[in-house]
Amino acid sequence: MKSILLIGLGRFGKHCAMKLNELHHEVLAIDIDENRVNEVLPYVTNAQIGDSTNEQFIASLGVRNFDVCIVAIGDKFQSSLETTSLLKDYGAKLVVARANRDVHAKFLLRNGADNVVYPEKQMASWAAVRFSADNIFDYIQITRDYSIYETKVPKSWIGKTIVDLRVRQMHKINILAVKYEGRVEPLPGPDHVFRDDETILVMGGNKDLEKFLRV
Ligand code: ATP
């Protein structure tokens, strides 16, 4: 369980709060707007109304005690930047800030953010990959050159094992897991026999994955 400071409770912040609650983390949620604070009360450990650009307010939170500080203010870039910078000044260990534009991401990183999330850009990229192919169910870009895809078992693989197919040698990809009826079998052994109703999670270089997905 981690302790998390979540600042900004718009749609993005609220979804973060709900997911963090599901993952059983301890969350202190902050917003300048009382209604927004009230809306997330069922999902968080504690909540306060306050202006995160106010230095005294940030000083009162003991930000160095949190494992992660998330700045989920999106549109008010000035506030997001000031908050990020204040959190770092007061000893925050890990500050993750939300960006709405490339230039915002750049300035947030320069002013104390350890990490930036850029929902529109990241989700646009995910949606483009996910919905432009027939058999891709999920996709994670690990670096610029490597990704993980969840995809259907190719028809020609059904009834065969990983060893039979010489997956690594033939396709230069690794099978990380097999998914069946929502259950995951991580790192399937060489004797795993592929079935029609499974999906596989494969990792590899983007070029090799693109070739494999055309199989
Ligand atoms: P979203 O896109 O997540 O729905 P939004 O468009 O409603 O958010 P944003 O301007 O992105 O609004 O701000 C997100 C949240 O951050 C809002 O609930 C807003 O009240 C809060 N917020 C903005 N400035 C501050 C601040 N200085 N201190 C604390 N909370 C703030």
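A few comments on the model shown:
- Subset of the range 140-174 [under 17 Å from ARG214 (Cα atoms) and among the small types (Gly, Ala, Ser)]: SER147, SER156
- Tallying residues that are crowded, with 20+ Cβ neighbours inside 10 Å and not in a strand (DSSP E or B) within the range 25-42 yields 1.
- Restricting the range 184-215 to residues that are acidic (Asp, Glu) and touching a residue at least 40 places away in the same chain (Cβ under 8 Å), the residue that is nearest to THR151 (Cα to Cα): GLU198
- Number of positions in the range 32-57 that are more than 15 Å from GLY13 (Cα to Cα) and more than 10 Å from the ligand (Cβ to nearest atom): 2
- Enumeration of residues in the range 140-164 that are among the aliphatic types (A, V, I, L, M) and in contact (Cβ under 8 Å) with a residue 24 or more places away in the chain: ILE142, ILE148, VAL153, ILE158, ILE162, VAL163
- Residue in the range 3-24 that is farthest from the ligand (Cβ to nearest atom), counting only those that are part of a helix (DSSP H, G or I) and in contact (Cβ under 8 Å) with a residue 12 or more places away in the chain: ASN21
- Unique residue being part of a strand (DSSP E or B) and surrounded by 17 or more Cβ atoms within 10 Å (Cβ to Cβ) when the list is VAL184, VAL178: VAL178
- Odd one out for PHE137 among (1) in contact (Cβ under 8 Å) with a residue 60 or more places away in the chain; (2) under 15 Å from GLU210 (Cβ atoms): (2)
Taken together, the values in this text are just the output of simple stated rules run on the coordinates, not laboratory data. This one's a predicted model, so the numbers in the text were calculated from it and none came from an experiment. For neighbour counting, all protein chains shown are included, and Cβ atoms are generated from backbone atoms with ideal geometry for every residue, glycine included.
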